[in-house]
Amino acid sequence: MFSFFKTQVLHPVLDLIFPKYCIACDQLIPSESGFLCLSCSYTLPYTDMEKMEENAAQMRMLTKLPARYAASLLYFVEEGKVREMLHRLKYQNRPEIGVYLGRLIAQKFARQAWFNTIDAIIPVPLHAAKQARRGYNQSECIAEGIAEYIRKPVLSKAVRRIKNTESQTDKNRKERIDNVADAFELRKPEQIKDKHILLLDDVLTTGATLASCGSSILSGTSCSLSVATVAIAYR
Ligand SMILES: [Zn+2]
């Protein structure tokens, strides 16, 4: 009886009062849906990199950071669904989208042996000024989604961003590397020692930011790193 009430009466009323939209295509979706419309949830551009011996994310990190493993969940395409989701997460005050994307990473990667040896997650930190402006660090939200699934801690205070770097989007490869060099400082090496850390960011572009953050960790203590991002962009 109650389930009839929920689906036939309550949900249509909720749809009217709190309309819900797909985070990837902005279509109106039923209130009981998650974050995506059916069509988007079946057509997200998964990379399947987490299963591959060699993949594009690993190749991109290879010369910059000695990571045990690297994988991105989705392909980032300009004007595409993934860009829409990440844009809402970063610029429209939707931290819950990050938690959702983190859960997607964990559900997908959980079948892989390398992922099951992760001891803790470090989201790439934002500079304090930027985080204050945005209200949250989107990578930390993604990390929370993974952590809740694999029951490992998020060490968001372990590394600090000491340089408020300019946006990377209009920079070439060399400029990007210079821009983020020495941008991070390991604060709590004791939290990380001898652990397998998952270093996490929203998008992998050149890998310069992840490499700079990862290098500050590896130079400060003995541990191993793997890298995960929600998306990988073409350069
Ligand atoms: Zn959609």
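Readers should treat all values here as calculations from the given coordinates under stated rules, not as data from a laboratory. Keep in mind it's a predicted model, so treat the numbers as computed, not measured. Counting neighbours? That spans all protein chains shown, and the Cβs are built from the backbone with ideal geometry, glycine included.
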- Assess whether Arg103 counts as being assigned to a helix (DSSP H, G or I) and within 11 Å of the chain's Cα centre (by Cα). yes
Subset of the range 20-63, residues part of a helix (DSSP H, G or I) and within 15 Å of the ligand (Cβ to nearest atom), comes to Leu38, Ser39, Cys40, Ser41, Tyr42, Thr43
> Does at least one position in the range 68-87 carry a residue that is farther than 21 Å from Val230 by Cβ, surrounded by 13 or more Cβ atoms within 10 Å (Cβ to Cβ) and away from the ligand (no atom under 11 Å from the Cβ)?
Replying inline: no
Reported set for the range 51-67 where residues are polar (S, T, N, Q) and buried (at least 16 other Cβ atoms within 10 Å of the Cβ) is Asn55, Gln58
Across the range 107-135, the tally of residues that are surrounded by 20 or more Cβ atoms within 10 Å (Cβ to Cβ) and over 26 Å from Asp182 (Cα atoms) stands at 2
